[in-house]
Amino acid sequence: MIRFENVTHFVGERTLFQGLCWHVRPQCRIGLVGDNGSGKTTLLRMATGELEPADGKVSRRNRIRVGFLRQEFTPSEQVGTVLGLVLQAWEAEQQAAAELRSLYEQLGELSGETQACTLERIHELQSIVRHKDLSEIEAEAKKVLAGLGFRQADFQRPLAEFSGGWQMRAALARLLIERHDVLLLDEPTNHLDLESTQWLVEFLTSYSGTLVVVSHDHYFLDTVVGEIAWLSVGKIRTYAGNYSAFLRAREQEEAQLLRAYENQQRELARAERFIERFRYKATKASAVQSRIKQLEKMERIELPPTVSHVRLRLPEPLPSAKTVLELRNVSKQYSGQTILRDISLRFDAGDKVALVGRNGSGKSTLLRICAGIELCEGLRVVPAKTEIAFFAQSHAEALDLEATVLEVGSSWAANMTEEQLRTFLGAFLFSGDDVFKPVRVLSGGEKTRLALARVLLKPANVLLLDEPTNHLDIATRKILLEALKEYAGTVVFVSHDRYFLEQLATKIVSLDGSKATLFYTTYQGFLEKQRQESERPELKENAVRGHARNESAASKDRKAEGQRQNPLVLERKLRTQRRVEIKTRLDALQREIESLEIRLREIESIQANPEAYSNGLVTPELCAEADSIRQRLPELIQQWEKLVDEYEAIRRSAV
């Protein structure tokens, strides 16, 4: 579909890509990952043809339609309503259909090169036109908008009334209903909540075209893609499987590289000791010269920056009481509308509590009430030993613009040397001379990261964090996640990063309809309970129908039938049956994956042998078989991982 051949590109004097080669194949689902500033967005712009490389070639298959979601969206003044923006896709189709009809009429009168060009244009237009009327397209547009979180009342509202994040959702909706052969999505989940992200995951899972996505959302990359393209030091390497599989592969590679590096360092040290010891002995002169030549020819192994892992250590939490914060009968209204009603919650030392709910359900409001900066009805009880550190996105606006990054950090750091502080700030992507930059020159995302770092430096025992992963890349999110998991204090947080939620939360507070419900479980456990609750009415209905059918049977038969139709008994039976089905499928998948991996290793071993080419062992059929296996393996691995997750969820729910 899209091919990068020996692409070199510069940003100022910095080399961004150097001889980069990459092939985006049809129907591939690729996660493009790499450090901030490595050039991911630049690659996407080159893929669309918007940007040309300084050297090399980017080629696209003829007549493919490429859709590109940028990180920023600027609507034109002509755009009216939310629905109007999305229906621009239909208007473009109508224009294409009109042109197509005109070309059909002209075709009989044309010949030669003109006819060939016209036919090519007709093929291009045919890929655009769906032959749907406005009502069908409008229904599709409304369905997509609803999936991305818009209410029906929002459809006819002017787009200008919405925030930038909601405008991005509308732009994404328009892109999704357009017919594209290739979708390039740059941070598509940035402005989505958990429900909208899940809807997008399901939509993209059924999308049949080619997908390339840049995302810092671990869960999204694990669920949607089957291949990872890692952009590092101006080159791309591809890995089969999702993001978790990529991390495992990288961990193994780094361990192997580190061992090879250490072995080489020992070999170098031995050789240098030998040279130094016998340099001036005539009888050893030839041996010394031989060692010197060996060292000169030796290709030195260098460790890339990724091998040295950054670890973030939060300040030790201050001593606290068992209960660190309590809300009693708390209510909150805005403009006469009740957001929170009669909520009572208790947070204990060491809790890791996630506040979840739809947009507008009051998560951030509840967090501000816990922090004591939002007035409310009811009682907020804070024991004397409780020390709270609160982070919100708005804190970036309160930073001293003339202070440097290092000065902002040191103003809140206690008992920390400058070296320790710089290491701490490095975890938030402020490294080297970046710490001497004044706040006024930082981007919005950098200011937010600095505000978060400052809050985490404060000695406290309760952390209240509102969207702490915003503006963090995927590696920094992992660093923060590990630090918070190790933190012995209490963490109450709001996040739309599902992986972050699943890994950190030990309790869930669900906000729905102005009420709050506490669940003593992880986020996965919470979702499983929600699923069971949604299925329970159907189970009960089946049980009632079964009872009615057998009402005339004998008492013994009726009792047995009642036992068989009991919702809990039926649920356990269905759960056991599903576990058996999954286990059978898992075993079959495991055997197929292992068989394909063995065959792929055999082919790659043949391809790695130069003599195999001259002997005719490397045939087009063999290469095609390898390509087919490489495409099939990620699909099988993704199926296997999904089934494992489902199996584990069923097993936990049965405990």
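Read-outs throughout are calculated quantities, based only on the coordinates presented, and are distinct from any laboratory measurement. Not measured: the values here are computed from a predicted model. Note that we place each Cβ from the backbone using ideal geometry, even for glycine, and neighbour counts take in every protein chain shown.
Here the 3J(HN,Hα) profile of the stretch 455-467, calculated from phi with Karplus coefficients 6.51, -1.76 and 1.60 at θ = phi - 60°, is 4, 6, 7, 6, x, 7, 10, 9, 9, 10, 10, 9, 6 Hz, Gly and Pro shown as x. In angstrom, the C-alpha Rg and Dmax of the stretch 191-282 are 22.9, 78. The string of couplings for the stretch 432-438 from the Karplus curve (6.51, -1.76, 1.60, θ = phi - 60°) is x, 6, 4, 6, 9, 6, x Hz, one whole number per residue in order, with x for Gly and Pro. The fraction of all Cα pairs in the stretch 139-243 landing in successive 5 Å bins from 0 to the largest distance is 2, 11, 21, 24, 17, 12, 7, 3, 2, 0, given as whole percents.
Packing, taken as the mean count of other beta carbons within 10 Å per residue, orders the peptides 51-60, 189-198 from highest to lowest as 189-198, 51-60. In terms of its Cα atoms, the stretch 434-507 spans 39, 26, 17 Å along the principal axes, sorted from long to short.
Checking the Cα-Cα distances for K40/K293; K385/K485; K142/K485; K447/K478; K40/K642; K143/K478 against a 31 Å cut-off, the pairs over it are K40/K293; K142/K485; K143/K478.
Taking the Cα centre of the stretch 99-226 as origin and assigning +1 to Lys and Arg Cβ atoms and -1 to Asp and Glu Cβ atoms, the resulting dipole is close to 320 debye.
Expressed in Å, the radius of gyration and Dmax of the Cα atoms of the stretch 1-117 are 19.2, 56. Note on the stretch 79-178: semi-axes of the ellipsoid equivalent to its C-alpha gyration tensor, largest first and rounded to whole Å, are 35, 12, 10. Label sites at N359 and R300, each approximated as a point 7 angstrom past Cα along Cα to Cβ, lie 5.3 nm apart. Considering only P317, V11, Y239, the residue lying farthest towards the positive end of the dipole of the chain is P317, judged by Cα position with unit charges set on Cβ.
Beta-bridge orientation, the chain: approximately 55 percent antiparallel, per DSSP, counting only bridges with both partners inside.
Each of the peptides 15-27, 61-73 was scored by the mean count of other Cβ atoms within 10 Å over its residues; in descending order, highest first, they stand as 15-27, 61-73.
Note that the chain, at 4 °C in a medium of 1.567 mPa s, gets a Stokes-Einstein diffusion coefficient of 44 µm²/s from its Kirkwood radius over C-alpha pairs. Of the residues L586, L204, I637, the one whose Cα sits farthest towards the positive end of the charge dipole of the chain is L586 (charges of +1 on Lys and Arg Cβ, -1 on Asp and Glu Cβ, taken about the Cα centre). Here the Karplus relation 6.51 cos²θ - 1.76 cosθ + 1.60, evaluated at θ = phi - 60°, turns the backbone of the stretch 344-359 into coupling constants of 10, 9, 10, 10, 9, 4, x, 5, 10, 10, 9, 9, 10, x, 5, 4 Hz, with x for every Gly and Pro. Fully extending the segment from T118 to A146, taken as 0.36 nm per residue of separation minus the present Cα-Cα distance, adds 6.1 nm. Only DSSP H runs of four or more residues enter the estimate; each adds -39500 (n - 2.57), and after division by the residues of the chain the mean residue ellipticity at 222 nm equals -16000 deg cm²/dmol.
The distance between label points at L622 and K385 comes to 7.1 nm (points 7 Å beyond Cα on the Cα→Cβ vector). Dividing the Cα radius of gyration of the stretch 369-427 by its Kirkwood radius returns 1.08 for Rg/Rh.
Rounded to 0.05, the FRET efficiency of the Q88 and Q530 pair, given R0 = 51 Å and the Cβ-Cβ distance, is 0.90. When both bridge partners sit in the stretch 323-520, DSSP labels roughly 55% of those beta bridges antiparallel. For the chain, a simple Cβ point-charge model (Lys and Arg +1, Asp and Glu -1, everything else neutral) yields a dipole of about 2240 debye relative to the Cα centre. When the chain is described by a simple charge dipole with +1 on each Lys and Arg Cβ and -1 on each Asp and Glu Cβ, the residue from I292, Y487, T48 located farthest towards its positive end is Y487.
Remark: the A255-Q289 segment gains 8.9 nm on full extension, using 0.36 nm per residue and subtracting the alpha carbon distance.
With a simple spin-label model that places each label point 7 Å from the Cα along the Cα-to-Cβ direction, the separation between E316 and N615 comes to 6.5 nm. Within the stretch 248-307, the proportion of Cα pairs with more than 18 Å between them is 47 percent. Only Lys, Arg, Asp and Glu carry charge here, each on its Cβ (+1 for the first two, -1 for the last two); on that basis the stretch 248-307 has a dipole of about 500 debye about its Cα centre. Scoring 328-336, 144-152 by mean Cβ neighbours within 10 Å over their residues and listing the highest first yields 144-152, 328-336.
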